[in-house]
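Trainee: Before we start, here is the structure in question, set down as structure tokens.
The values are calculated or read from the model by the stated rules, or taken from the named source; none is laboratory data. Source: prediction; values computed, not measured. Cβ coordinates were reconstructed from backbone atoms using ideal geometry, including for glycine residues, and neighbour counts include every protein chain displayed. Only protein heavy atoms, including side chains, enter the accessible area calculation; ligands, DNA and RNA are left aside. Shrake-Rupley method; radii C 1.70, N 1.55, O 1.52, S 1.80 Å.
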Amino acid sequence: MSASTKGLEKKEHILECAKKLFAQKGYDGVSTRLLANESGTNLAMISYYFGSKEDMYKEILNKNLIHLRTDIEELKNPKLNPCEKLNLIVDLYVERFFTNTNMVQIVFKEISSNKREGLSRFVSAKMMDNFSLIESIIEDGFKKKLFKKTDIPLFIMTIFGTMMIYINGNYASFEMVGAKDTKEYLNTEHKERMKTYMRSLIKNQLSK
């Protein structure tokens, strides 16, 4: 294995450790010293790969946040109607949310804290780019008379608020959906249940 390959693997290992720590403790609760201990590295190596904790945090976000304009090529297909496009989007989000819960928790903590204006704006800008695309799809549905009028911002907040609250759920949430623990709560059956619910929500709210 080449030195460059080993270096890349080490960097990815540090990022994975950082992602778990940020999800558990939030940005302020993770020091570079803690990260060095947890990842089995040292402060010099973290500085070499990332520069600062904030730069590392931004790299985690860039690597893991959904970018609808590039992550779903099918959205460019002119044959798909607006409802089909929205279904593709919610399916992708549910899939990613259920398989990358650490990332959801990181984003939820950041947008809820408002402690670091620069980082909060960075996260919001990434999210708003996706939301603007969703808004344009819904407006296209209005123009084609496929959708009935609705409050688009609140509708988008309803969709993503539901998913974020679910992924950040606690024991009361487990009980509500009939799951005994986190593993069952996030299993394939509940993931498909969420996709079905979200598709139904879109249909009921928008379809004429």
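Trainee: Within segment 84-117, take every residue that is free of Cβ contacts under 8 Å to residues at least 60 places away in the same chain and in contact with a helix residue (DSSP H, G or I) (Cβ under 7 Å, 6 or more places away or on another chain) and give me the one that is surrounded by the fewest Cβ atoms within 10 Å (Cβ to Cβ).
Mentor: Pass one, segment 84-117, residues free of Cβ contacts under 8 Å to residues at least 60 places away in the same chain: 84-85, 88-89, 92, 96, 99-100, 107, 111-112, 114, 117.
The next check asks that each one be in contact with a helix residue (DSSP H, G or I) (Cβ under 7 Å, 6 or more places away or on another chain); those that pass are 85, 88-89, 92, 100, 107, 111, 114.
Working: LYS85: 22, LEU88: 18, ILE89: 22, LEU92: 17, ASN100: 17, VAL107: 21, ILE111: 14, ASN114: 9.
Taking the candidates together, the pick is ASN114.
Trainee: Let me ask something additional. Can you find, within segment 175-188, the residue that is nearest to the chain's Cα centre (by Cα) among those that are outside any helix (DSSP H, G or I) and not charged (D, E, K, R)?
Mentor: First pass over segment 175-188, keeping only residues outside any helix (DSSP H, G or I): 178-181, 186-187.
From what is left, the residues that are not charged (D, E, K, R) are 178-179, 186-187.
Working: GLY178: 24, ALA179: 22, LEU186: 15, ASN187: 17 Å.
Among those residues, the one meeting the criterion is LEU186.
Trainee: Restricting attention to segment 129-172, which residues are open to solvent by less than 70 Å² (accessible area, probe 1.4 Å), free of Cβ contacts under 8 Å to residues at least 24 places away in the same chain, out of contact with any helix residue (DSSP H, G or I) (no Cβ under 7 Å at 6 or more places or on another chain) and not aromatic (Phe, Trp, Tyr)?
Mentor: Correct list: SER132, SER136, GLY161, ALA172.
Trainee: A follow-up question, please. Does segment 120-128 contain any residue that is within 20 Å of ASN87 (Cα to Cα), modelled with pLDDT of 95 or more and surrounded by fewer than 15 Cβ atoms within 10 Å (Cβ to Cβ)?
Mentor: To start, the set of residues in segment 120-128 that are within 20 Å of ASN87 (Cα to Cα) comprises 127-128.
Then keep just the ones that are modelled with pLDDT of 95 or more; that gives none.
No - not one qualifying residue is present in segment 120-128.
Here is a yes/no grid of residues against (1) assigned to a helix (DSSP H, G or I); (2) within 27 Å of GLU73 (Cα to Cα); (3) modelled with pLDDT under 95:
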position: GLY141; (1), (2), (3): yes, yes, no
position: PRO153; (1), (2), (3): yes, yes, no
position: GLY161; (1), (2), (3): yes, yes, yes
position: GLY169; (1), (2), (3): no, no, yes
position: SER173; (1), (2), (3): yes, no, yes
position: HIS190; (1), (2), (3): yes, yes, no
position: MET198; (1), (2), (3): yes, yes, no
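Trainee: Here is a further query. Could you list, ordered by first residue, the pairs with Cβ atoms under 6 Å in which the first is in segment 6-27 and over 14 Å from TYR48 (Cβ atoms) and open to solvent by less than 20 Å² (accessible area, probe 1.4 Å) and the second is modelled with pLDDT of 85 or more and outside any helix (DSSP H, G or I), at least 6 apart or interchain?
Mentor: Filtered contacts from segment 6-27: LEU21/VAL30; PHE22/VAL30.
Trainee: Something else now. Could you tell me whether LYS76 is at pLDDT 90 or above and either open to solvent by 70 Å² or more (accessible area, probe 1.4 Å) or out of contact with any helix residue (DSSP H, G or I) (no Cβ under 9 Å at 6 or more places or on another chain) (or both)?
Mentor: The answer is yes for LYS76.
Trainee: Inside segment 30-81, can you point out the residues that are under 30 Å from PHE131 (Cα atoms) and of a type in the set (S, T, N, Q)?
Mentor: Applying the first criterion (under 30 Å from PHE131 (Cα atoms)) to segment 30-81 yields 30, 50, 52-81.
Selection gives SER52, ASN62, ASN64, THR70, ASN77, ASN81.
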